[in-house]
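Undergrad: Next up is a structure, given as structure tokens.
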Amino acid sequence: MTIPRIIPRAEHPISRGYIDPDALRVLYRLHRSGYKAFLVGGSVRDLMTGRTPKDFDIGTDARPQEVRRLFRNSRVIGRRFRLVHVFFEGGKNVEVSTFRRTPDPVAAGPGQEGDEDLLIRSDNTFGTPEEDAVRRDFTINGLFYDIATYSVLDYVGGVEDLEKRLVRTIGDPLIRFREDPVRMLRACEFAARLKFRMGPDLVAAIAELKGEIRKSAPPRVTEEFLDPLRRGWGHDTYRLWSETGLLGVLVPELDAAVASHDAPFSTLFWKMLHDLDARKAAGGAHHDAALLSVLFLPLVFAAIRARGSGGARVDPSQILLVLENVVNPLALRMSLPNLMTHLVKQTLYTLGPLTSTRPDHPAARRLVARSWFAPSLALLSLYSKASGRYLAAATAWQEVLERAGRPDDAAPSPMPAAPAPFPEALVPPPALARAHAGAAILPMPGEARPAGRKRRRRGGRRHAPGGAAAS
């Protein structure tokens, strides 16, 4: 049995005043009921480094059903990892998990290499606090705060690594990454977020095992992809994912489009991520459809550029086909819900009308009513700042959004009927280039109609009653 390093209250910066009051209630009830109750994981790491935790997770020796009996406002969730959510007002919940140990490896199946398959598929083997600390991913996440003594318990050397500003796995990184390949993504995210360095053995393990990431459940990988963008450290995280080759394994199309400085859309993409992080730091937040659209945008631009010939304008009616060909395969690999896939395509498609429609045009009222208007405007704002184009359009539409006061949960509507040119980054259509040069917003597509072309009436030809033409 390993004796933990105990950091008493006088020697660490964690105060109960920094802990969420509802999390404190859970800790105290568990403690008073005779159970061990620790604050665990990222919340201890963040409090030790002077950061505000996103959430406060609790570890205990109480089994899930015992925790459930203590808290009527709770429920047991999960199959691979059973834990308890204790609910409070405002939609907040406190996560309570029972101490676990690393499960025994299972025998490898037919066609698998090696005697054992290290990939963890079930994690419900309960254990001691020491076993729980050792089974965690990184040393900086293996610290416990004991509500009984107000001290920090360190079984894995996490305090020392915090002082060294080092991201290090608990145990051999080759084994830990085979157990859960998503840990490779998380290692880069922690290094980017905390401005820590990764040890050479960890970097070498990622280089060797990066292909293992394909074994992870796509929805879980997609959450890891979105989390840095949602929380404000997307730029540095995606840089590390690209440098370590993880981005190239998961989304090779995106990595090929943005990894190299010579890539056509590299500068644009990294500027947009940098601006996205700056907006989050200032208190802003964006819909997931806007975040995913930022990832898809370089691929859409590349597809549009490939369809153009010698800088010729791409037919706006082909934009929908481009979006289908670009977005659908990636959305399938990422296991995006159908509604989210639809919103992403709508968000990207609406970028064209926003750059080519006057906000005072009658069609603008229909655009503002769409559920994807706000995500598309966010995408336009990011794109215009990164490229220096359509700044006037972004400003004008932002004023429209602020005046409209439209609810964000509007029901999805059909695709806009009138196609608009897509603002291709490097080969802009001539009309859009003239508008940008004059800092003006183009009229609605179709407003100036070719001479001699008759306007179709809605509803078809009218007939007199009885089918006879009126005399």
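Throughout, read-outs are computed from the coordinates displayed, never taken from laboratory work. The shown structure was predicted, so the numbers you read here are calculated from the model rather than taken from an experiment. Cβ coordinates were reconstructed from backbone atoms using ideal geometry, including for glycine residues, and neighbour counts include every protein chain displayed.
Undergrad: Given all pairs of different Cα atoms, what value in angstroms does the Kirkwood hydrodynamic radius of the stretch 189-306 take?
TA: 14.9 Å
Undergrad: Can you give the FRET efficiency to the nearest 0.05 for residue 148 and residue 128, using r as the Cβ-Cβ distance and R₀ = 22 Å?
TA: Once the sixth-power term is evaluated, E becomes 0.90.
Undergrad: Okay, moving on. Identify, among 173, 221, 209, the residue whose Cα sits farthest towards the positive end of the charge dipole of the stretch 167-250, taking +1 on the Cβ of Lys and Arg and -1 on the Cβ of Asp and Glu, with the dipole about the Cα centre.
TA: Ranked along the dipole, the leading option is 221.
Undergrad: Step by step: find N for the stretch 1-84, compute 2.2 N^0.38 Å, then divide the Cα radius of gyration by it. What's the final number?
TA: So the Cα radius of gyration is 1.18 times the expected 2.2 N^0.38 Å.
Undergrad: 7 Å from Cα along Cα→Cβ at both residue 79 and residue 274: what's the point-to-point distance in nm?
TA: With each label point 7 Å from Cα toward Cβ, the separation is 4.6 nm.
Undergrad: Provide 275, 172 in ascending order of the number of other Cβ atoms located within 10 Å of each residue's Cβ, fewest first.
TA: Lowest to highest Cβ neighbour count: 172, 275.
Undergrad: What's the exposure ranking of 224, 89, 253, 399, going from fewest to most Cβ atoms within 10 Å?
TA: Ordered from fewest to most neighbouring Cβ atoms within 10 Å, 224, 89, 253, 399 come out as 89, 399, 253, 224.
Undergrad: Can you give the Rg and Dmax of the stretch 167-250 based on its C-alpha atoms, in angstrom?
TA: Rg, Dmax (Cα atoms, Å): 11.6, 31.
Undergrad: With a cap of 13 neighbouring Cβ atoms within 10 Å, and only residues DSSP puts in a loop, list the chymotrypsin sites (Phe, Trp or Tyr not before Pro) found in the stretch 35-101.
TA: 81
Undergrad: Would you please state which residues of the stretch 17-55 a label at residue 72 would reach in this model, taking the label point 7 Å out along Cα→Cβ and a backbone N cut-off of under 20 Å?
TA: 22-23, 25-33
Undergrad: Please order 332, 291, 194 by the number of other Cβ within 10 Å, starting at the fewest.
TA: Lowest to highest Cβ neighbour count: 332, 194, 291.
Undergrad: Among the listed pairs 164/210; 54/280; 271/385; 280/385; 36/92; 195/280, which are separated by more than 19 Å between their Cα atoms?
TA: 164/210; 36/92
Undergrad: If I model a spin label at residue 207 and residue 63 as a point 7 Å from the Cα along the Cα→Cβ vector, what separation in nanometres do I get?
TA: Those two pseudo-labels are separated by 4.8 nm.
Undergrad: Distance between the C-alpha centers of the stretch 339-392 and the stretch 46-74? Whole Å please.
TA: Cα centroid of the stretch 339-392 versus Cα centroid of the stretch 46-74: 41 Å apart.
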